[in-house]
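Beneath this line is the structure, given in structure tokens, with notes to follow.
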Amino acid sequence: MRMKLLNPSLFFFFMFFRWSRSCNSNDKTTLLKIKKSLNNPQILNSWDPKTDCCTNWTGVVCTHRRITGLTISAGDVVGQIAEEIGDLTDLVILDLSSLSRLRGTIPRSITKLKNLVYLRFRITELSGPVPDYISQLQDVTFLDLSFNRFNGSIPGSISQMQRLETIQLSHNKLTGSIPESFGSFVGKGPKLYLGNNHLSGEIPKSLSKTNFNTVSLSGNNFSGDASMFFGHNKTTVRLDLSRNNFHFDLSKVKLAKSLVSLDLSHNRVFGELPLELTKLQLNQFNISFNRLCGSIPQGGLIQNFEVYEFSNNLCLCGAPLKRC
């Protein structure tokens, strides 16, 4: 029986197709070094040097043979981020999260990842200061370093990241106040999450110039005025200033019409509630444990909230509380 030969053109097509899907050899070598720095964890068992890293390796995404996405998550990883991470220069997404025994600091080599758009190191044991050089990642839009052990101050250079849309630094051990430079972001004001740190001091007045979509400062030790986060001209959607020591007159602030979530609980905010509250489409609202007085404005969605969300003020009255 004669064997039918494969058409030469088809042969070269299949060979090219196979070659175009196989990962770059330098990238593959780098991944194996990263695996070794993490003590060859079980979740990376598929990273077999005998197989193609673009088709068989967990958490690896390739585009035109180069690694553009790396996700290592929810595994028993013991080790540090390898310096070689910076050799994956085509990376667009880097996500190391829910790795409770990933330790050490963010290596300086990360600055070589000039194509990076999405950077997440979340729920790890990473520590040390948030490095100033992270601002060299000029294409990053999403920066999440939450639920780690980072300490020291927030680098003001982050404001120079011109495409940044979200800063997530909550649940760390950061100290100091918010950098003055956060009042002058090169790009538009990002979503700002700084809750549950050890931040303190007063908010720089320069922040009144930034139109943040979201601000979350809950669970710190900030003091003084926070009225710079309010304003008719702003488009803020969510504002959480709870569990601090803010002290300002709420009756004098102007509320953004876009606001849907407002939490001022556990502060020293005083004055009366502005009538503008009745015009907002609020789905979350809490002003408990403050020093507010006067009659609660009637109308809108305000009366839909529970008693506890108004409780423990000096002399607030009216529905849903007792009559004035």
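The values are calculated or read from the model by the stated rules, or taken from the named source; none is laboratory data. Predicted, not measured: the structure shown is a model, and the values here were computed from it. Here Cβ is always computed from backbone atoms with ideal geometry, including for glycine, and neighbour counts include all displayed protein chains. SASA here: full protein model, heavy atoms, side chains in, ligands and nucleic acids out. Shrake-Rupley method; radii C 1.70, N 1.55, O 1.52, S 1.80 Å.
Tabulated results
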quantity: Complete set of residues in segment 128-144 that are assigned to a loop (DSSP other than H, G, I, E, B) and open to solvent by 30 Å² or more (accessible area, probe 1.4 Å); calculated: Gln138, Asp139, Thr141
quantity: Residue within segment 247-259 that is under 23 Å from Ser295 (Cβ atoms) and within 21 Å of the chain's Cα centre (by Cα) present; calculated: yes
quantity: Lone qualifier among Leu94, Leu113, Leu119 - being open to solvent by less than 30 Å² (accessible area, probe 1.4 Å), more than 15 Å from the chain's Cα centre (by Cα), modelled with pLDDT of 95 or more and under 29 Å from Cys23 (Cα atoms); calculated: Leu113
quantity: Segment 199-214: number of residues that are open to solvent by less than 50 Å² (accessible area, probe 1.4 Å) and either of a type outside the set (Ser, Thr, Tyr) or touching a strand residue (DSSP E or B) at 6+ places or on another chain (Cβ under 8 Å) (or both); calculated: 8
quantity: Selection within segment 215-265 - part of a loop (DSSP other than H, G, I, E, B), open to solvent by 40 Å² or more (accessible area, probe 1.4 Å) and farther than 19 Å from Leu277 by Cα; calculated: Asp225, Arg243, His247
quantity: Of residues in segment 301-324 being surrounded by fewer than 13 Cβ atoms within 10 Å (Cβ to Cβ) and more than 22 Å from Lys252 (Cβ to Cβ), the one farthest from the chain's Cα centre (by Cα); calculated: Arg323
quantity: Yes/no for Thr278 being farther than 26 Å from Asn197 by Cβ and among the hydroxyl-bearing types (Ser, Thr, Tyr); calculated: yes
quantity: Residue in segment 62-79 that is nearest to Ile123 (Cα to Cα), counting only those that are in contact with a Cys (Cβ under 8 Å, 6 or more places away or on another chain), in a strand (DSSP E or B) and open to solvent by 20 Å² or more (accessible area, probe 1.4 Å); calculated: Thr68
quantity: In segment 270-295, the residues that are of a type in the set (Ser, Thr, Tyr) and either exposed (fewer than 15 other Cβ atoms within 10 Å of the Cβ) or under 32 Å from the mean Cα position of the chain (by Cα) (or both); calculated: Thr278, Ser288
quantity: Subset of segment 145-196 (residues that are in contact with a strand residue (DSSP E or B) (Cβ under 8 Å, 6 or more places away or on another chain), closer than 23 Å to Thr111 by Cβ, of a type in the set (Gly, Ala, Ser) and crowded, with 20+ Cβ neighbours inside 10 Å); calculated: Ser146
quantity: Condition check for Gln298: loosely packed, with under 13 Cβ neighbours inside 10 Å and at pLDDT 95 or above; calculated: no
quantity: Residues of segment 49-61 that turn out to be surrounded by fewer than 21 Cβ atoms within 10 Å (Cβ to Cβ) and not in a loop (DSSP other than H, G, I, E, B), as a count; calculated: 1
quantity: Qualifying residue in segment 36-48 (condition: in a loop (DSSP other than H, G, I, E, B), open to solvent by 50 Å² or more (accessible area, probe 1.4 Å) and not polar (S, T, N, Q)); calculated: yes
quantity: Any hit, segment 276-283, residues being out of contact with any Gly (no Cβ under 9 Å at 6 or more places or on another chain) and either outside any helix (DSSP H, G or I) or under 18 Å from Thr236 (Cβ atoms) (or both); calculated: yes
